[in-house]
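None of the figures in this text is laboratory data; all of them are computed from the coordinates on show. Bear in mind that the values here come from a model prediction, so they are computed numbers and not experimental data. For neighbour counting, all protein chains shown are included, and Cβ atoms are generated from backbone atoms with ideal geometry for every residue, glycine included.
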Amino acid sequence: MTEKFSEIIHVGRPNIGDREAFLQLVGEMFDRRWLSNNGPLVQRFEQRIAEYLGVRHCVAMCNGTVALEIAIRALGLTGEVIVPSYTFVATAHALHWQGITPVFADIDPATHNLDPEAVRRMITPRTSGIIGVHLWGRGAPVDALSQVADEHGLALMYDAAHAFGCSHQGRMIGGFGRAEVLSFHATKFFNTFEGGAVVTNDDQLAETMRLMRNFGFSGFDNVVYPGTNGKMVEVCAAMGLVNLDYIDTVIEANRRNYHAYREALAGLVGVQLMPYDEAEQNNFQYVIVEVGPECRVTRDQIVDELHRHNVLARKYFWPGCHRMQPYRDLYPHAGLVLAHTERVAAQVIVMPTGTTLAEADVARIGEIVAGVVG
Ligand code: T4K
């Protein structure tokens, strides 16, 4: 049988704003001969992100993973930090990379976000903090997590890599916890090629992170802190400024596709599209399909059929961080307390979306799924 798509359809195909505007900014950058080190484009970018999210500080970085590492270090986390296993592995690696033990807590199967009661059960005398993840751009249970953190004197920060442009309980994500970390990777709905940021309302923390991302330099020849190189370069900030002007178009395309998926998958037994709360502001970038036990076929059979038709749907975040290295060897029994994580990771499919995918393409993807589900 022939494939439904002759070209590969990717999850995470970049959305790219006005090319002329981008080239104009790059031309100005060349004229200035200022390419990195807190240049004027990075400063403008940081200001616009902070305004967009309503936070006091945006510290732009070279990618989301380094932004996580710097935020973790600036908060002084040590010993053990509680994180979900059901997340991109960078959340755990950013801790392990600095000699901190990621301790995996289970999720709420309805929201895929950390279950605050499961977090509570994982606290030990070595625990110094909690990193919540706003998975798929849906807000984590911020009130309950902050209550657990306060009761135990733990620092609370968020991995908001999926949640740029999203609100939770009517407030923009970016202002929760001590700090929130964004990713602007090429595959995110809003990208700066590679890039990331930490946003915070804490003046002192922002100042520390600015030092940390630039080797700890405070002026010429004066190093006042152990730092690293986490700087965003000017060309990335140029991309970010141009894509900020394009963000509403991208969100609208994602919203339209999400509704098209809703229609295309309606009535398929055991196939559920994860809803977005339309009372909130959403970026609609993660179209999540869950294949339950009532379905006639398995999640993997559906994914295989999609791939056969050149639709590279993904099984994020299968099999869970606890089953990836080095965590699988370090904590071979972690799965015993991660029942929901294991079940959810085995039933999720992430579908393609974005400005390069037309509504008609979504309908054809729906036909592939319907064809295999029967
Ligand atoms: N925390 C969370 C919760 C995260 O999800 C992430 C990143 C981070 C932290 C870390 O942030 P960064 O350090 O990355 O800023 C992708 C992305 O690489 C990663 O950024 C993202 N999360 C994760 C969810 O997805 P992979 O390994 O699946 O990437 P890859 O290369 O397979 O790309 C996905 C698809 O996109 C491919 O089918 C090809 C397509 N693609 C990719 C690129 C780079 C394109 O069409 N064009 C491109 O330029 O992780």
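A few remarks follow.
- Whole-Å distance, taken between Cα centres, linking region 115-193 and region 313-347: 19 Å
- Top of Gly240, Gly216, Gly267 by mean-square fluctuation, Gaussian network on the chain, Cα under 10 Å: Gly267
- Global form of region 290-374, assessed from the alpha-carbon gyration tensor, a/c cut-off 1.5: prolate
- Each Lys and Arg contributes +1 and each Asp and Glu -1, all at the Cβ; summed about the Cα centre of region 1-145, the dipole is approximately 300 debye.
- Span from the region 1-56 Cα centroid across to the region 217-265 one, whole angstrom: 7 Å
- Shape of the chain from the C-alpha gyration tensor: oblate (a/c of 1.5 or more and a/b not above b/c, with a ≥ b ≥ c the square roots of its eigenvalues).
- Under a model in which nothing but the beta-carbon of Lys, Arg (+1) and Asp, Glu (-1) is charged, the chain shows a dipole of about 560 debye around its Cα centre.
- Partner aspartates and glutamates for Lys4 [C-alpha distance under 12 Å; skip if fewer than 8 residues away on the same chain]: Glu305, Asp361, Glu367
- Ordering of 22-28, 343-349 by burial proxy (mean other Cβ atoms within 10 Å per residue, highest first): 343-349, 22-28
- Packing here is the average count of other Cβ atoms within 10 Å per residue, and on that basis the peptides 172-178, 278-284, highest first, run 172-178, 278-284.
- Positive-pole candidate from Val242, Gly76, Pro332, dipole of the chain, charges at beta carbon: Pro332
- Counting only residues at least eight positions apart within a chain, or on another chain, the lysines with an alpha carbon under 17 Å from that of Lys188 are Lys315.
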